[in-house]
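What follows draws every value from the coordinates through simple rules; no lab data is involved. Just so you know, these numbers come straight off a predicted model, no measurement behind them. Cβ atoms come from the backbone with ideal geometry, glycine included; neighbour counts cover every protein chain shown.
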Amino acid sequence: MARLFGGLSRDTEIKGVVLRVGDELAPEYDVQQRELDEEKKYVQRRDEQPDAILGEWERTVDDLEHDALSTSDRLELSAKYVLYRQYMGENGLNWKDDVMQSLDLEYHNVSPRDGLFYGLEAAGAMPRLTTDAEVNDAITTPPQNTRALGRGKMVSTTLKKTGTR
């Protein structure tokens, strides 16, 4: 069954997902491939970082086409799908059980102690890309060439005034 963009988060089969591109429907990975191809034309490769990002993007698009669940270590939709299927199997549940909505909320709980995402990270199922120190630094030290610089200065000032940092 084809689903349009609004149904991505509820596509429990992780297949048949389509997006409208101009006047055509296309599988999600096709849309991502087109975006990737366009980005490759315009990205300025001054160092290794753009190549690494584009390489990871390309790997993910390929995986979405061939085995969407193999992206469960980097994409929320497939990570949640794998986690929830395991939970349902262990507890004799199905997608319509009320507890599944609660589970979805707990996945997004921002508490490192309670959030299911953090459990995946702690178990090594979702790689950590930053350190706590880098996150704390990013809160008040945004990229110097973006609009985030002004917002970062405001956050930094507020944190200093409240004594939170």
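For this structure, a couple of remarks:
- Computed extension gain for E24 through E121, at 0.36 nm per residue and net of the alpha carbon distance, reaches 31.1 nm.
- Reachable lysines, given that their alpha-carbon falls under 27 Å from the alpha-carbon of K153 and they are not under 8 places away in the same chain: K161
- Simple rule: put +1 on each Lys or Arg Cβ and -1 on each Asp or Glu Cβ in region 72-129, find the dipole, and look at F117, M100, L129; the Cα lying farthest toward the positive end is L129.
- With θ taken as phi - 60° and the Karplus curve 6.51 cos²θ - 1.76 cosθ + 1.60 applied, the whole-hertz 3J(HN,Hα) list for region 101-111 is 5, 4, 4, 4, 5, 5, 4, 9, 4, 7, 6 Hz, x standing for glycine and proline.
- What the Cβ-Cβ distance of D97 and R74 gives, at R0 = 30 Å and to the nearest 0.05, is a FRET efficiency of 0.65.
- Extension gain from R34 to Y87, taking 0.36 nm per residue of separation minus the Cα-Cα distance: 15.6 nm
- Per-pair calculated FRET efficiency, R0 = 41 Å: E58 and D137 via Cβ, rounded to 0.05: 0.90
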